[in-house]
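A short write-up of the structure that comes next.
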Amino acid sequence: MRLTRVFHRQAGFDRAVVEDVRLDEDADGEVLVVAARPRKGATRRCGRCQARAPWYDRGWGRRRWRHLDFGTLRVVIDAAVPRVDCPVHGPTVISVPWARHGARFTAAFEDTAAWLAARTSASAVTGLLRIAWRSVIGIVNRVVDEALAGTDRLAGLTRIGIDEVAYRKGQRYLTLVVDHDTGRLVWAADGRDKATVHTFFDELGPERAAMLTHVSADAAGWIGDVVAQRAPRAVRCLDPYHMVAWVTDALDEVRRAVWNTARGGKGRATEQSRQLKDARWALWKNPPNLTDKQKVTLASIQATNKPLYRAYLLKEQFRQIIAVKGADGKLLLQGWLRWASRSKLPPFVKLARSIRRHLPTIHNMLDSGLSNARVEANNVHLRVLTRQAYGYHSAKALITMANLRRGGLCPPLPGRS
């Protein structure tokens, strides 16, 4: 088999011809140069819209694109790139079958870099591919933009979750929309207000908004009010994880009040106050996860501090309501609200009033079993992304990387289906 044929296979050229292969040297050392040209049927097409166009000029001579390494050797594709006179875009460089328009890397190289960027750290990508991290950012932008242009991620949505996540200091938030059926991130934008949610529904359109059956979110009015206005047929479900957080906060408020009482208001630590301070995690944890020491702490609280233990039981009973769901969950919730209202614990009395205001959306959650768990999973991944990159200067950069990792836009490795 001829060497040019080998590199035709190695480069994955379906609509190109390998003319020559030679070993060359540049500032970075030895490099394998593959001279190529598009096949006759692929010539004279606009690099932007792929439309056929008349020849314009020879452009700026020959260009090189970095390709995947051949063993330890760097590989570049060398080809002439004349310009065509596109009726839409004017004089434009011709489309080449091995690279995206405006890129300095082949499509196979960029797909590999994007796949690695979605699964490993920046230093690993730059070290393996021998490129700068700034180049990786440009590659990810091109790959994601191409994927977004070729798919409608808002099509077929029926059950969605809406939430916000902080990505930078100074109250900087992203609003995220996740498809409950696939678990994928389908929309993200900078901001955390009604205007941001309205922007999502503007892109979704009234016809597709009418197809929504369930929308899960927390109790934020800037989400609920817009959903009620733009998707009135959708069943709104209050996220159970946020409700458990409310109950846990009420429990901790009771613990702090009891702790301050044990200190006598004089700022002096006593044996009882020290025990209550250390009891925080024992009260917060789920019973199966308690250590032996924490079980002893709870037993001591049960014997010596009835109000705090009552608050703990209220928290555990509420967790049971979330686990049971359905009609039984509704009955348990009615009993829990009566118990909390008569508990003589001010934080729980206040919480019971707040929960009664949200009863319709809570009942919807108990009936459907829908939660924002998939949304929270995406939030965790976005926080990991932010830590890996030591922060993002712009929301657009984070959204692009989130779409690559969590939006189902990561390309497969070259040669794989």
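Among the residues of the stretch 204-224, the ones that are over 20 Å from the mean Cα position of the chain (by Cα), farther than 19 Å from Thr151 by Cβ and assigned to a helix (DSSP H, G or I) come to 6 in all. Assess whether Asn286 counts as being surrounded by fewer than 13 Cβ atoms within 10 Å (Cβ to Cβ), touching a Lys or Arg at 6+ places or on another chain (Cβ under 8 Å) and not small (Gly, Ala, Ser). So Asn286 fits the description; yes.
Residue pairs whose Cβ atoms lie under 6 Å apart, separated by 6 or more positions or on different chains, with the first residue in the stretch 367-382 and closer than 12 Å to Ile162 by Cβ and the second open to solvent by 10 Å² or more (accessible area, probe 1.4 Å) and part of a helix (DSSP H, G or I), are Asn378/Arg406. For the residues Arg119, Arg142, the requirement of being open to solvent by 30 Å² or more (accessible area, probe 1.4 Å) and under 15 Å from Thr386 (Cα atoms) singles out Arg119.
Annotation note: of Gly12, Gly41, Gly29, the sole residue that is modelled with pLDDT under 80 and exposed (fewer than 12 other Cβ atoms within 10 Å of the Cβ) is Gly41.
Is at least one residue of the stretch 286-295 touching a residue at least 24 places away in the same chain (Cβ under 8 Å) and of a type outside the set (S, T, N, Q)? Yes: the stretch 286-295 contains one or more residues that are touching a residue at least 24 places away in the same chain (Cβ under 8 Å) and of a type outside the set (S, T, N, Q).
In the stretch 44-60, the residue that is surrounded by the most Cβ atoms within 10 Å (Cβ to Cβ) out of those that are in a loop (DSSP other than H, G, I, E, B) and in contact with a His (Cβ under 7 Å, 6 or more places away or on another chain) is Gly47.
The values are calculated or read from the model by the stated rules, or taken from the named source; none is laboratory data. Quick caveat: nothing in here was measured; it's all calculated off a predicted structure. When we count neighbours, we look across all protein chains shown, and the Cβ atoms used for this are built from the backbone with ideal geometry, even at glycine. To get the accessible areas, we keep the full protein, side chains included, count just its heavy atoms, and leave off ligands, DNA and RNA. Shrake-Rupley method; radii C 1.70, N 1.55, O 1.52, S 1.80 Å.
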